[in-house]
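Each remark here refers to the structure printed beneath this line.
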Amino acid sequence: MERNPMRRQLAIMRQSLFDQGHVDEQFVQLEELQDDANPNFVEEVVTLYYRDSARIILNIEQALERKPFDFRKLDAYMHQFKGSSSSIGAKKVKAESTLFREYCKSGNGEGCMRSFQQLKKEYATLRKKLGAYFQLARQAGPVETASRPK
Amino acid sequence: MGMAIDRDDTQFHVLAVDDSLIDRKLIERLLKTSSFQVTAVDSGSKALEFLGLNNNDADDEEEYEQRDSNTESVSSDEDQDLGLGVNLIITDYCMPGMTGYDLLKKIKKSSSFKDIPVVIMSSENIPSRINRCLEDGAEEFFLKPVQLSDVNKLRPHLMKGRSKDIDSSHKTTSTRLITSGN
């Protein structure tokens, strides 16, 4: 078993998640809560996040089909989505949620729609990257300590 | 009975309230990492239910209850010594139905539970909101996402409560024991 090359690849992948701004310090906080007793904590939380997000995204999509827009409802949904994105350290998704909420507050329907499209893109990218990362992490075996991005 | 001073004083029971599944999982892990016993519920009404207060009781309790401080404090002491009682409540602010602030008010109105420290969490940094919660009895206000360093701030509030119980069981009127910096 070639653990070291995998671990190296894993570290590179992890670093790029931070460098490319997909995740922030909160992701490190999650990693620090992972231990021998809870070896898959990060992936478990992220999986819950996907489940929760799917529900919220659907709600927003449906709400955007009803004209005129109920900006209060849209903002409420996005408040939830922003919250959970923030909790897992999803930096870009969180930033896009903030933008969406600003459009809601100013009643800018076009802005909301554009922002939502962008948000879905960011979210899809995040899922892809985290998916690859966790898959490699599982293959590489347990990592003892979390390390901070340089 | 049961001033169980020999008991490990780190087994505190925290009731966590948050409508977000992710945040519940997170707070639960944070609290367990810090050796707290945790019960996590998804709403203020479930929290009151867990405490044995229903929505109506919390408001009426003051009116109807005899202020029999002896039996009151003995039963809650016993609860806490047995670890069945709740030693701290940590709640999200923004929840559908009953907000964390509403829950705080109900807890503080309850003669059984008003001395349980309450901590509020929020993703929004709104000074007026924070001040109002602190003025109305919240011990701390944490901005989300909550971190280990925040959870580490909880222990002093719990230690305060623990020594208060020991004092009232001893029926002493001397100065409150402060267990400083453990």
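The values are calculated or read from the model by the stated rules, or taken from the named source; none is laboratory data. Because the structure is predicted, anything quoted here is derived from the model rather than measured. Heads up, the Cβs are rebuilt from the backbone with ideal geometry, glycines too, and the neighbour counts pull from every protein chain shown.
Things to note:
- Residues satisfying the stated conditions in the range A:91-133, i.e. more than 15 Å from A:A54 (Cα to Cα) and aliphatic (A, V, I, L, M): A:A95, A:L99, A:M113, A:L130, A:A132
- Output for the range B:96-137, where each listed residue is crowded, with 17+ Cβ neighbours inside 10 Å and hydrophobic (A, V, I, L, M, F, W, C): B:M98, B:L103, B:L104, B:I107, B:F113, B:I116, B:V118, B:V119, B:I120, B:M121, B:I130, B:C133
- Count - residues of the range B:14-32 that are more than 9 Å from chain A (Cβ to nearest Cβ) and either touching a residue at least 60 places away in the same chain (Cβ under 8 Å) or buried (at least 24 other Cβ atoms within 10 Å of the Cβ) (or both): 7
Each row is one residue, and each column tells you yes or no for (1) surrounded by 13 or more Cβ atoms within 10 Å (Cβ to Cβ); (2) within 14 Å of chain B (Cβ to nearest Cβ).
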position	(1), (2)
A:Q34	yes, yes
A:L64	yes, no
A:A76	yes, yes
A:H79	yes, yes
A:G89	yes, yes
A:E96	yes, no
A:R101	yes, yes
A:A124	no, no
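- Single residue of A:S106, A:S85 found to be out of contact with any helix residue (DSSP H, G or I) (no Cβ under 6 Å at 6 or more places or on another chain), among the polar types (S, T, N, Q) and either free of Cβ contacts under 8 Å to residues at least 60 places away in the same chain or more than 12 Å from chain B (Cβ to nearest Cβ) (or both): A:S106
Yes/no per residue for (1) in a helix (DSSP H, G or I); (2) at pLDDT below 95; (3) more than 20 Å from B:D23 (Cα to Cα):
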| position | (1), (2), (3) |
| --- | --- |
| A:P5 | yes, yes, yes |
| A:I12 | yes, no, yes |
| A:Q15 | yes, no, yes |
| A:V28 | yes, no, no |
| A:V42 | yes, no, no |
| A:L48 | yes, no, no |
| A:S53 | yes, no, no |
| A:I60 | yes, no, yes |
| A:P68 | no, no, yes |
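- Hits in the range B:101-146 (condition: among the aromatic types (F, W, Y) and within 14 Å of chain A (Cβ to nearest Cβ)): B:F142
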